Amino acid sequence: MTTPSAATPPTPAPAAPATTTGHGPNSPGAPGRWGSLGPVGLVLAGGVSVQFGASLAVGLMPRAGALGVVTLRLLVSAVVLLVVCRPRLRGHSRADWGTVVAFGTAMGAMNALFYQAADRIPLGPAVTLEVLGPLALSVLATRRLINLLWAALALGGVVLLGGGGFSGLDPAGVAFALAAGAMWTAYIIFSARTGRRFPQADGLALAMTVAAVLSLPLGIAESGAKLTDPTTIGLGAAVALLSSVTPYTLELLALRRMTASTFAILMSLEPALAATAGFLVLSQSLKPTEILAIGLVVGASMGAVRTQVGRRKAAAEDDPVAARAGTRADN
């Protein structure tokens with residue numbers, strides 16, 4: 001997703017190619033020229049790209065508005081992905097198209113809501129609140145007692161971030177960030193379904209096109225002729241490359257060399273990356289309590305993902321065949 005960032009949401013994992021699991025040259029455990037840290041470096045580079053693209057988008061908002069920026073980003077991303085992927089339009093069922101439309105709708109809504117949040121509150125808190133959506137999905141999916149600990153840890157971070165009532169943050173920005181988190185959860189669900197129905201990144205390209213088409217009327221209504229300004233278009237294209245095209249490409253490469261669970265742990269670092277980008281690019285300083293709050297949410301996210309990894313390892317010991325099937329489904 002992800003978001004995926006100024007705002008661009010932390011980028012959720014795109015559907016991994018078939019080589020994500022197995023024993024081919026691109027499988028997670030296969031040695032290669034990237035070395036043991038290669039995939040991790042790719043994911044971190046993608047996360048840095050997303051959040052610095054978000055910072056650039058925040059600076060662009062005074063020129064084009066939040067909805068104008070998200071429209072430019074989605075349009076340019078859709079064009080690039082369509083040209084690169086050249087997805088096949090025939091041979092898909094009605095259910096296939098319904099899935100990709102739902103995926104695109106969730107993607108567009110997630111971006112629009114997050115951009116509205118980032119226009120009102122700093123990037124670090126915005127991403128921290130947004131990540132609560134996927135964290136809740138992770139906690140509910142495993143249904144283990146230890147997940148109450150991760151939920152309590154995340155709740156403590158949110159309380160600290162709000163300072164006892166979010167008096168230091170714009171209430172509308174908080175609401176938009178939480179809504180973006182809910183849509184991020186939907187994005188993850190439909191991203192997985194799309195990945196099972198469409199080869200490679202074809203589904204992503206089609207869903208991005210749906211999101212761009214849906215956002216276009218909103219962007220025109222808010223920004224109008226501002227969207228035709230050459231400088232604005234150029235900056236919007238830069239946001240698209242930093243926030244979508246580059247991270248999606250790096251993540252697809254990384255997912256061929258690591259498991260989805262490891263990828264998810266690294267994605268938990270997004271709030272910290274967002275806070276760093278906001279500080280370096282936008283001079284958005286954070287109070288010590290806000291830094292601690294972000295740390296608590298990051299820790300809760302990483303803990304929840306590691307709990308899922310432990311559950312899969314235990315399942316592998318009890319029933320290796322079923323566990324391998326589950327890993328394929330998750331990836």
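The values are calculated or read from the model by the stated rules, or taken from the named source; none is laboratory data. All values reported here derive from a predicted model rather than from experimental measurement. Note that we place each Cβ from the backbone using ideal geometry, even for glycine, and neighbour counts take in every protein chain shown. In case anyone asks, the SASA skips ligands and DNA or RNA and just uses the protein heavy atoms, side chains included. Shrake-Rupley method; radii C 1.70, N 1.55, O 1.52, S 1.80 Å.
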Please work out which residue is farthest from the chain's Cα centre (by Cα), limiting yourself to the stretch 170-197 and to residues that are open to solvent by less than 20 Å² (accessible area, probe 1.4 Å) and within 23 Å of ALA95 (Cα to Cα). THR194
Out of curiosity, is ASP119 farther than 14 Å from ALA207 by Cα, acidic (Asp, Glu) and either open to solvent by 10 Å² or more (accessible area, probe 1.4 Å) or touching a Pro at 6+ places or on another chain (Cβ under 7 Å) (or both)? yes
Filtering the stretch 225-247 down to residues that are open to solvent by 10 Å² or more (accessible area, probe 1.4 Å) and hydroxyl-bearing (Ser, Thr, Tyr) yields THR228, THR231, THR246
Can you tell me which of VAL127, VAL83, VAL100 is among the β-branched types (Val, Ile, Thr), modelled with pLDDT of 90 or more and open to solvent by less than 10 Å² (accessible area, probe 1.4 Å)? VAL100
List the number of the failed condition for GLY91; all other conditions in (1) in a helix (DSSP H, G or I); (2) farther than 30 Å from GLU222 by Cα hold. (1)
When (1) open to solvent by less than 10 Å² (accessible area, probe 1.4 Å); (2) modelled with pLDDT under 75; (3) within 21 Å of GLY181 (Cα to Cα) are applied to ALA254, the one that fails is (3)
